[in-house]
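Just below is one structure, and these are the notes that go with it.
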Amino acid sequence: MTTVVLLDKDSFPMLISPPFLPKRNENESDEAYVRRSMTGDAPGAGAFPVSFQNRWHGGLHLTPPFEHNVDLEIRAIADGVLVHRGDISTKSDDPNHPLNYGGGWTSDGCIVLKHSTEIGEGENGKVEFYSIYHHLRHMPPAILAMKIGQKVWRKDPIGSAGYINDKPCFFHFEIIADDANARKLMGRIQGDVPLGGDGRQDACYGDMHFYLPASTTFSDLPTNPHGVRPTPRDVAGPGVALFVSMHFENGHCTMTTYREDGTIVGTTKDDELPGAAYEYQLYETATKLYPQQPAAGFELLRFGRVLGTADTLTPANAQHWRKVALPGGKLWVNLNGTGVVKLSDADFPHWLGWRMVDASHGDLRCKDEETLALLAPDVPTVEINRISDGATAEANAQAISLDVLRKQRLARTAAKFLTDWDYTTFERRLGWLKNPEPDGRGMNDASFARLQKHSQAVSFWTRENLGMDSIPWHFEPREFIIHFKKCRWLSENELTQMLPTSAMRLAKGQWVSELVLVSQATQSDLKSRRTELNKSLRKYGIASSPWRTAAFFGNATVETQWFDKLYEDNKSAWYHPWDGRGFLQLTGPDNYIKYWRFRGRTISESTKGELRAAAKKAHSELKNDALQDMRLPNLTAQMVQWRNDIEREPFDISQSAGAYWAWSGAATFADELPSLKRETEAVGHVSRAYYSCVSFGQVAATVNFGSPVHDVGKIAKVNGIVARYQAYSHALTVLTDRLAFPDMHGQPQDTPEDHKPRRT
Amino acid sequence: MTNIRRILVSALLCGTTSAAYTGTPVTYSITVHEVAFDGCHFSMKDFYGGTLQSTRESTPALANYNAEINPKAHHSFGTWIRFYCEKEGVEKAFKGMGMKYLGSRWVLDKESYSPLPEEHVAIYPLRGNSWNGAGLSSDQTSGDEDQRMRNFGFCISGAKQVVCGTIQQVMFLKSPKDSTIPQVIQLLQSIEFIDDAPDVPIEPSKASVSSH
């Protein structure tokens, strides 16, 4: 159901999903899911960026997946604002009707949403783009009742695919942005990624990429057990520039080496060490390899560079050795060595196919030679089942690889050209069709007039309704969605949405269910802490999957009493004043010291011993006298300041939580696909459902008890476990595309029972 | 002279705010803090021996005031004011805090904030030297009843600077006599913006909320 609220100017999160949301297959990657969800286009018939008659074509013609004998509805791809709704004309058999063109009826229902979102920090991180859903045959009542300027939420149904040139069940889907926003989205609007220096820092997400110049040297040391840095033993490299991508997933790290033309040289996984789970060990590796400043070392391992300024790499030229595939074999390379350039997916690497074409000065005929070459390759596509011998197999594999790259480059094209939807530019766009060309692409006056009427009937663009001129940048929607699904930079609105609208707790032995309200003060606090929280979620890999992010917020929201308290301030607790601080409520002197040491701060063993003994005494006495600052001679004013910082400095509030997440091994549990089990508690005379989940319960226990919890029997002892389950389920609905929550009959539903989204 | 003034003001304060205390008033000398962060710069008189510091490592930079305003309260708690520099204009700043100026008074901006009756929202006009503003308090409605708190958010607008802030706890709902809202208001109203002279003289009719 679509919820309508008043327009405001807040930006929305960079959470994005495909316009169709079929059931997700088990272990299906985001990319595979989006590709399976968005099918239908074909060269010459609704493909991007060039379609019929080699005309630029701004979007894709998609057909809905079929599920339970019905076509899936089209859904909003991201939170946004309705900027245009074109009414749906009744289908007519009149052959002269402007919408009966090109072989038959074309539906004219149209929705345009404006998405104001964020991909990173600062002004360059704030972006706007539009999604266009055209040729709809039906719109739900909630959309029809909506006023221009009202909010539409991601995953809200907005219509059904209609007809395109008499083909049923198709709609045109397009994503566009103006110059300024295309530049912010891609970091440039022309040419290749500059390789004279590291990539952008205002936005950094997805895979990390390294440019290795031809002069790069390598080492042939056979192994690199984490914690032992190999002594460089130079070996000549291939003598050509190469590109290496670093991809983290489910605890592992894959390094893929590319040539500049995009062909793959090879891959390595977890530095080819047996039994290693490289990502899960990042904290241990950072503390061993970069003992002077593990927190900065952690960033080096995660991003290939240190993005933050609070923690600096010590020494500044600390090395980052990784095993990579080269044309002649696999060798080690220092990715922080001289000449190596570090980038991320936010830089839209050209060797991975990303390109920008400015065709804004012409008509709609594509005259870009590279694009045309990609459309008509010299090497024909090869069918792999005709392979008979080894030599042919290799040649065919090469041809297939080149064919894949060709299609990829075509799909990863951002092109600026006249929109099809502005009738005032019709002559400029298509006037050339009046003059027959040698290839026969001409029209007589009558045909041209019919095309003109048809164009007018499907046009909607005015500068007023879209707020931009009619020569936008067009992005291939599939690639755009796949790409920005990796971003997960959360806006203020998104953070607030993460809070459940109600939660249960035990009060004097009885379950109660309470509304979770967000005060303006809490909202403002979130706003001021958001940048640092996002950076921490990114650094510790929490933002890299919805499962991890949901597991983090399922705990952080409860630990902080729905973001109200960043400091427990429990004067009666035996561990006060070392009580909970930060998003995951770091507690106890040992954890504080561990965090400070991670940040490169020197805490002597004697001080640690003194604090540990005091904590032991306080625990045994169940009172905090022994832990009071005045009773601890080794405790310095500086340490008291550092302790306070964990509640006062947004940097420490977030980093302490991220570091704790990393060293406690929470991700190992969070990465398991959630298996949600419906359970109930009686609240008064009403049975209230919630969803337990063993893997999340282990995360909660790990966070609550301070170390990995494999004994699932301990989950029930976690403080506020039911509220945590509710917060987790809620966060999953915010962050994922589609999940199955069993109802009381065991039937899968898209949302938890009694789910109420927080829509502010 | 300064010392005499401090003593006089201190004594006066004890007299005027003693109703908020449950025990013997604690007397502090007045300290004037000055803080600059993220484009905002102001001084604040501190009557409670607290600290006012800008953050050092965070983006955007904030300022934190911390004090134990009422240490002898039955159920004492620390007062922590988080200040942040609002860059998106006066109207949006106040809207973000759930308030707007209507006619001649501050009211709830129901477009941005629709509290429930049990949140007991209240608005407090604030006035300082060359600035105006308002604060809004609301009550927690969930969690352990004994631990529920009243919070306070505010914005103040000078000629060029707009500072907003929050205090997550100004009172335990169980101990209304120990509310620190009067002291918090006193602290806030002592704020003086520095380097806040308008670039061009502001006509009263165009001075937005700062002219009210």
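Overview of results
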| item | result |
| --- | --- |
| Selection within region A:536-562 - within 28 Å of A:Ala637 (Cα to Cα) and within 12 Å of chain B (Cβ to nearest Cβ) | A:Ser536, A:Thr560 |
| Residue tally, condition in a strand (DSSP E or B) and at the interface with chain A (Cβ under 7 Å from one of its Cβ atoms), over region B:140-155 | 3 |
| Options A:Lys571, A:Lys527; residue that is at the interface with chain B (Cβ under 9 Å from one of its Cβ atoms) and in contact with a helix residue (DSSP H, G or I) (Cβ under 7 Å, 6 or more places away or on another chain) | A:Lys527 |
| Residues that are among the hydrophobic types (A, V, I, L, M, F, W, C), out of contact with any Leu (no Cβ under 9 Å at 6 or more places or on another chain) and surrounded by fewer than 23 Cβ atoms within 10 Å (Cβ to Cβ), drawn from region B:132-164 | B:Ala159 |
| Residue among A:Ala700, A:Ala689, A:Ala727 that is touching a residue at least 40 places away in the same chain (Cβ under 8 Å) and within 21 Å of the chain's Cα centre (by Cα) | A:Ala727 |
| Failed item in (1) at pLDDT 95 or above; (2) facing chain A (nearest Cβ under 8 Å), with B:His120 passing the rest | (2) |
| Options A:Thr501, A:Thr424, A:Thr462: the member that is surrounded by 15 or more Cβ atoms within 10 Å (Cβ to Cβ) and among the β-branched types (Val, Ile, Thr) | A:Thr501 |
| Some residue of region B:158-175 being touching a residue at least 40 places away in the same chain (Cβ under 8 Å), in a strand (DSSP E or B) and more than 14 Å from every other protein chain (Cβ to nearest Cβ) | no |
| Selection from region A:3-56 of residues that are at pLDDT below 85 and buried (at least 20 other Cβ atoms within 10 Å of the Cβ) | A:Phe12, A:Pro13, A:Met14, A:Asp41, A:Gly46 |
| Selected residue (criterion: nearest to B:Ala61 (Cα to Cα)) from residues of region A:70-122 that are among the hydrophobic types (A, V, I, L, M, F, W, C) and assigned to a loop (DSSP other than H, G, I, E, B) | A:Ile119 |
| Residue in region B:30-46 that is nearest to the chain's Cα centre (by Cα), counting only those that are within 14 Å of chain A (Cβ to nearest Cβ), without any contact (Cβ under 8 Å) to a residue 60 or more places away in the chain and not in a loop (DSSP other than H, G, I, E, B) | B:Val35 |
| Selection count where residues are touching an Asp or Glu at 6+ places or on another chain (Cβ under 8 Å) and more than 11 Å from chain A (Cβ to nearest Cβ), scope region B:102-114 | 0 |
| Single residue of B:Pro125, B:Pro198, B:Pro182 found to be surrounded by fewer than 18 Cβ atoms within 10 Å (Cβ to Cβ) and under 16 Å from B:Asn70 (Cβ atoms) | B:Pro182 |
| Failed item, numbered, when B:Met99 is tested on (1) more than 9 Å from chain A (Cβ to nearest Cβ); (2) buried (at least 20 other Cβ atoms within 10 Å of the Cβ) | (1) |
| Some residue of region A:470-486 being among the hydroxyl-bearing types (Ser, Thr, Tyr) and not assigned by TED's automatic domain parsing to the domain that holds A:Tyr691 | yes |
| Where a residue in region A:511-522 is at the interface with chain B (Cβ under 9 Å from one of its Cβ atoms) and farther than 24 Å from B:Gly135 by Cα and its partner, wherever it lies, is surrounded by 21 or more Cβ atoms within 10 Å (Cβ to Cβ) and not acidic (Asp, Glu), with Cβ under 7 Å and at least six apart | A:Glu514/A:Ala503 |
| Breaking point among (1) out of contact with any strand residue (DSSP E or B) (no Cβ under 6 Å at 6 or more places or on another chain); (2) under 26 Å from A:Ile542 (Cα atoms), for A:Pro194 | (2) |
| Options A:Glu532, A:Glu479; residue that is acidic (Asp, Glu) and closer than 30 Å to A:Ala723 by Cα | A:Glu532 |
| Failed item in (1) within 12 Å of chain A (Cβ to nearest Cβ); (2) in contact with a strand residue (DSSP E or B) (Cβ under 7 Å, 6 or more places away or on another chain); (3) in a loop (DSSP other than H, G, I, E, B), with B:Gly49 passing the rest | (1) |
| Odd one out for B:Arg82, checked against (1) more than 20 Å from A:Val518 (Cβ to Cβ); (2) at the interface with chain A (Cβ under 9 Å from one of its Cβ atoms) | (1) |
| Criterion (touching a Gly at 6+ places or on another chain (Cβ under 6 Å), over 23 Å from A:Phe460 (Cα atoms) and in contact (Cβ under 8 Å) with a residue 40 or more places away in the chain) met by exactly one of A:Ile119, A:Ile88 | A:Ile119 |
| Hits in region A:619-640 - residues which are part of a helix (DSSP H, G or I) and closer than 28 Å to A:Val558 by Cβ | A:His619, A:Leu627, A:Val640 |
| Any hit, region A:159-168, residues being of a type in the set (A, V, I, L, M, F, W, C) and either within 30 Å of the chain's Cα centre (by Cα) or crowded, with 24+ Cβ neighbours inside 10 Å (or both) | yes |
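Condition check ((1) within 14 Å of another protein chain (Cβ to nearest Cβ); (2) among the charged types (D, E, K, R); (3) in a helix (DSSP H, G or I); (4) closer than 28 Å to A:Arg538 by Cβ) across all residues:
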position	(1), (2), (3), (4)
A:Phe583	yes, no, no, yes
A:Asp590	no, yes, yes, yes
A:Gly609	no, no, yes, no
A:Lys617	no, yes, yes, no
A:Gln655	yes, no, yes, yes
A:Trp663	no, no, yes, yes
A:Phe669	no, no, yes, yes
A:Thr680	no, no, no, no
A:Tyr691	no, no, no, yes
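This table checks each residue for (1) within 30 Å of A:Leu418 (Cβ to Cβ); (2) crowded, with 18+ Cβ neighbours inside 10 Å; (3) of a type outside the set (Ser, Thr, Tyr); (4) not assigned by TED's automatic domain parsing to the domain that holds A:Arg233.
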position	(1), (2), (3), (4)
A:Gly304	no, yes, yes, no
A:Ala310	no, yes, yes, no
A:Leu313	no, yes, yes, no
A:Lys323	no, yes, yes, no
A:Leu326	no, yes, yes, no
A:Gly329	no, no, yes, no
A:Asn334	no, yes, yes, no
A:Thr338	no, no, no, no
A:Asp358	yes, no, yes, yes
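The values are calculated or read from the model by the stated rules, or taken from the named source; none is laboratory data. Computed from a predicted model, the values in this text were never measured in an experiment. When we count neighbours, we look across all protein chains shown, and the Cβ atoms used for this are built from the backbone with ideal geometry, even at glycine.
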